[in-house]
Amino acid sequence: MPVYEYLCDDCGPFTNMRPMAECDEPDDCPACGTVAPRVILTAPHFSCLPASTRKAHATNERSAHAPKTLGEYKASHAPGCGCCSGKASRLMTKSKSGAKGFPSARPWMISH
């Protein structure tokens, strides 16, 4: 059962465990008994999660279509790779028209 935060006008903030079906309903203050609305005062506690889980959450939140920074782009490629080193890969050939060919790769696929 989740823990929700409430704010009593007279006594201040308090927390209470309630079913998710009652998440938007106000709750009675345990000190004075008046009805208090639900508020969000603190952020969720992700610090107690393992580092691998926090990293997975961050990866899921990041947009797949967001452009990479120059540092991220350089970090994603090894030094001397065929796509950004300028030298041609031994697995790629170029025709006189400039079209790329991959003789050892799948011959039925069209190059980009």
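The values are calculated or read from the model by the stated rules, or taken from the named source; none is laboratory data. Just so it is clear, the model here is predicted, and its values are computed rather than measured. In this analysis, Cβ positions are derived from the backbone assuming ideal geometry, glycine residues included, and neighbour counts consider all displayed protein chains.
Count of region 25-59 residues, restricted to those that are modelled with pLDDT under 90 and over 25 Å from the mean Cα position of the chain (by Cα), is 0.
Are any residues in region 1-21 among the acidic types (Asp, Glu) and surrounded by 13 or more Cβ atoms within 10 Å (Cβ to Cβ), and if so, which ones? Matches in region 1-21: Glu5 only.
Taken over region 1-52, the residue count meeting the criterion of being in contact (Cβ under 8 Å) with a residue 12 or more places away in the chain and of a type in the set (A, V, I, L, M) is 10. Selection within region 60-98: residues that are among the polar types (S, T, N, Q) and at pLDDT 75 or above. The member of this set that is surrounded by the fewest Cβ atoms within 10 Å (Cβ to Cβ) is Ser97.
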